[in-house]
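Below: the structure, in structure tokens.
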Amino acid sequence: MRSPPGPRDSAAWSTWQWLRAPYPYLDGLSRDLGETFRMRLLSFDLVVFSNPEHVKEVFLDDGDTLEAGRFNTTLAPLLGDRSVLMADGRAHRRKRKLLLPPFHGERMQVYGRTMLDETDAAIDSMPHGEPCSFHEPMQDITLRVIVRTVFGFEGRPLEEMVERTKRLLERGMWPPLLLPFMQVDLGRLTPYGRFRRARTDYDELLYAEIRRRRRDGTRGPDVLSLLLDARDDDGEPMSDEELRDELVTLLVAGHETTATGLTWAMRWLLEAPELLGELRAELDAIGPDPAPEAIAKCELLDATVREALRLVPVIPIVGRVLAKDHRVGGWDLQKGTVVVCSIYLAHRRPEAFPDPMRFDPRRFLGKKLSAHEFFPFGGGVRRCIGMAFALYEMKMVLARVVARAELALADARPVGMVRRSITITPSDGLRVVLRRRRPFVRARLAS
Ligand code: HEM
């Protein structure tokens, strides 16, 4: 059977390159091997696609032939094996139905004010005139926003959950832990052992909260309240264990990704002063304390967020394991092969994005791209559940930062790309200096 070309590299070497510098590795393979190619990692044999017609074939599958859950299992130690990310087929369809309502586009306005308030607090506590990381305050904002929206926590419970989630992620985000053979608990001195203990600690907190809410029936506009009352087609609620896994999935999937997207957006804006000025003018035009909905409608802001997610996608690929022999992109592939759509390579195709290496948000103005050319959130039946939430949050946070904080890059050194578990972030957390902070003026309600 004819198969796509692959490199001569050993699986160990490819895995090392993939973990260390995935984007340059993908660039090199596509340059040497062409549009569609094989990649051999220690855990999987992959075939990488980026042609929109082939991506379309993958995204049109109903999830029964191309299984994403089996590909995502490397995340099971952190998220749990009952997470939506790990499910396939009927179980996956059931979970999506239960999880989607809280993330429906119309609900975003409920979360907008929280997003703006957390951004204001982060801007107010940034050091003035000293180099600092931009990624860190973005992580703080997105973590606090997701904890508040998922649990409805405020005060002490909020602070405790934020601290414990940070501890869990610090231990769980080390890229080698993605490899199955690294997932062995050899005691508290080993990376996986330390991570396992942090997870047990974290689970106690989550289970306590789930039981408390079930017992006293407390409900609010938070996501957990909606999930506690959600019922599947057979009228069954989620079990405590299932809820635990979905909560961790939302917390993890819903914060680091968005923080990284925001950091990339700022990285490009700081090198494009003219564009930054235009963006500031667009935001000034809606007043000092605009409603979240007014911000969401700003077109250049929206285009800037999309362009940042295009140029350096937060997640490089999405993968599906073939449940049976199947033809994709004209290649006959065997059961068990991993079919990958490279978000990164697709986003750099000059046919879809002329002059693809240039950061140019205007390319998105008044234009709707196909879901097979531009797919930072994956696609088909597996498309990111938090897409509307993430886009909304990126707009809220970026709007406030651009309107209130005058920043500059702290170093003359070029900004590189660094892997943090499955996300690709700017090197050193993007070092910036805050030059001027505009005070926040809350609009007075007319009496
Ligand atoms: C900029 C921010 C984000 C990016 C770039 C991103 C990207 C992705 C990607 C690429 C996938 C895989 C899709 C596929 O396999 O086709 C995914 C899945 C997922 N994301 Fe996101 N995501 C972001 C934010 C969020 C947020 C805010 C949440 C929740 C609040 C979230 C929850 C999920 C969940 C639950 C899945 C699994 C969907 C499934 O398997 O059916 N993500 N995301």
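Quick note: the coordinates plus some simple rules give every number you see, no bench work behind them. The structure presented is a predicted model; accordingly, all values stated were derived computationally and were not measured. Here the Cβ positions follow ideal geometry from the backbone for every residue, glycine too, while neighbour counts run over all protein chains shown.
Structure notes:
- For beta carbons closer than 7 Å, sequence separation of 6+ or different chains, a first residue in the range 59-86 that is under 22 Å from Leu227 (Cα atoms) and a second that is among the small types (Gly, Ala, Ser) and in a loop (DSSP other than H, G, I, E, B), the qualifying pairs are Gly69/Ala87.
- Considering residues of the range 1-26 that are touching a residue at least 60 places away in the same chain (Cβ under 8 Å) and charged (D, E, K, R) only, the residue farthest from Gly378 (Cα to Cα): Arg2
- Matching residues in the range 37-56 - criterion: being surrounded by fewer than 20 Cβ atoms within 10 Å (Cβ to Cβ), over 22 Å from the mean Cα position of the chain (by Cα) and in contact (Cβ under 8 Å) with a residue 40 or more places away in the chain: Leu42, Ser43, Phe44, Asp45, Asn51, Glu53
- From the options Arg70, Arg113, residue that is more than 19 Å from the chain's Cα centre (by Cα) and loosely packed, with under 14 Cβ neighbours inside 10 Å: Arg113
- Only listed residue being more than 16 Å from the ligand (Cβ to nearest atom), part of a helix (DSSP H, G or I), in contact (Cβ under 8 Å) with a residue 60 or more places away in the chain and buried (at least 18 other Cβ atoms within 10 Å of the Cβ), chosen from Leu262, Leu224, Leu279: Leu279
- Any hit, the range 296-317, residues being in a loop (DSSP other than H, G, I, E, B), over 25 Å from Leu41 (Cβ atoms) and either within 11 Å of the ligand (Cβ to nearest atom) or more than 14 Å from the chain's Cα centre (by Cα) (or both): yes
- Residue match in the range 343-366 (condition: over 23 Å from Ala265 (Cβ atoms) and touching a residue at least 12 places away in the same chain (Cβ under 8 Å)): no
- Residues of the range 380-397 satisfying the condition of being out of contact with any Gly (no Cβ under 7 Å at 6 or more places or on another chain) and either within 18 Å of Ser125 (Cβ to Cβ) or not in a helix (DSSP H, G or I) (or both): Arg383, Ile385, Val397
- Residues of the range 359-393 classified as in contact with a Pro (Cβ under 8 Å, 6 or more places away or on another chain), within 17 Å of Val318 (Cβ to Cβ) and more than 9 Å from the ligand (Cβ to nearest atom), total: 3
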